[in-house]
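See below for the structure under consideration.
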Amino acid sequence: MILAVAAFLTGCQTVDETGRSQLSLVGDTEVSSMAVQQFEQMKSEMPISNDPQMNAQLQRVGKKIVDSARANGADLLPSDQWEFVLFESDQVNAFAMPGGKVGFYTGIFPLFDSDDDMAVVMGHEIAHVSADHGQEKVSHQMANQMAGTALSIGLGIGGVDRDLSQVVMASYGAGSTYGFILPYSRTMESEADHIGLIYSSSAGYDPRRAVPFWQKMAAQGGERPPEFLSTHPGESTRIKAIEKMMPEVLPLYYKATGQ
């Protein structure tokens, strides 16, 4: 347990755009290398769409958002070094990885009525990268494993019987998931919404499209688990948070568009 506490005390950094302190136990280079390898594997295993209109939109919005993020101080690769790939899939999803790798699935494109809609998603995904959320997730997993190992060793040293040890470890697993891993995941998703709207608004995309877009996203699929069991904030939580961001991001949009 001492090792886990030491990790928290020595392995923290701050998200520039929000000032939030985050756990950082792994370097950018290591995570970027793993992400690039994973992305290359995806390209070799999944069909890639050559649709000219979709690809043009993906490249156009993606590079503009990266340029905006860099103009806002994000430590990112130049936009011409990013790779934006359109995967042929019914999945209504998108992602961005450290190392400048972005993937959108064709299944999400029917929800885009304009570049403004795509910018909502693109900003969110690029924000995950600029805020080092990939490194943070890996760090949380490492810290959780360290604490679990320390607890197991402590139970053994303390002479706790096997049955009780199993109950304690099971309780620790559930507690760390619902009390640590999932809440931090929801925090990162909300933070990506916030930072992403700063990027997209500064790039001249209308942030007011965020609310109707996420409402359309929420309408996809079936029932969702309760918020405390989810990696993402609930629909109402997300919408309320985005509405509160409008006084901050609308002036950025007006400035970028000369309004």
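The values are calculated or read from the model by the stated rules, or taken from the named source; none is laboratory data. Remember, predicted model here, so these are calculated numbers, not experimental data. Neighbour counts run over all protein chains shown; Cβ positions are idealised from the backbone, glycine included.
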Filter the stretch 48-88 for residues that are assigned to a loop (DSSP other than H, G, I, E, B) and more than 30 Å from Lys255 (Cβ to Cβ) and give the result. Ser49, Asn50, Asp51, Glu88
Starting from the stretch 239-254, keep only residues that are within 21 Å of Ala218 (Cβ to Cβ), then list their pairs with residues that are charged (D, E, K, R) whose Cβ atoms are within a distance under 9 Å, requiring at least 6 positions of separation or different chains. Ala241/Asp193; Ile242/Asp193; Met245/Asp193; Met246/Arg208
Going by the conditions given, is Leu229 modelled with pLDDT under 65 and in contact with a Phe, Trp or Tyr (Cβ under 9 Å, 6 or more places away or on another chain)? yes
With the structure loaded, tell me whether Tyr199 is at pLDDT 90 or above, buried (at least 16 other Cβ atoms within 10 Å of the Cβ) and not in a helix (DSSP H, G or I) or whether it fails that test. no
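Every residue, every condition in (1) in a helix (DSSP H, G or I); (2) modelled with pLDDT of 65 or more; (3) more than 23 Å from Arg186 (Cβ to Cβ); (4) among the polar types (S, T, N, Q), yes or no:
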residue: Phe109; (1), (2), (3), (4): yes, yes, yes, no
residue: Met118; (1), (2), (3), (4): yes, yes, yes, no
residue: Ile126; (1), (2), (3), (4): yes, yes, no, no
residue: Leu151; (1), (2), (3), (4): yes, no, yes, no
residue: Val160; (1), (2), (3), (4): no, no, yes, no
Determine which single condition Tyr253 fails, assuming it passes every other condition in (1) aromatic (Phe, Trp, Tyr); (2) surrounded by fewer than 21 Cβ atoms within 10 Å (Cβ to Cβ); (3) at pLDDT 95 or above. (2)
Looking across the stretch 43-95 at residues that are in contact with a Gly (Cβ under 8 Å, 6 or more places away or on another chain) and acidic (Asp, Glu), the single one that is modelled with the lowest pLDDT is Asp90
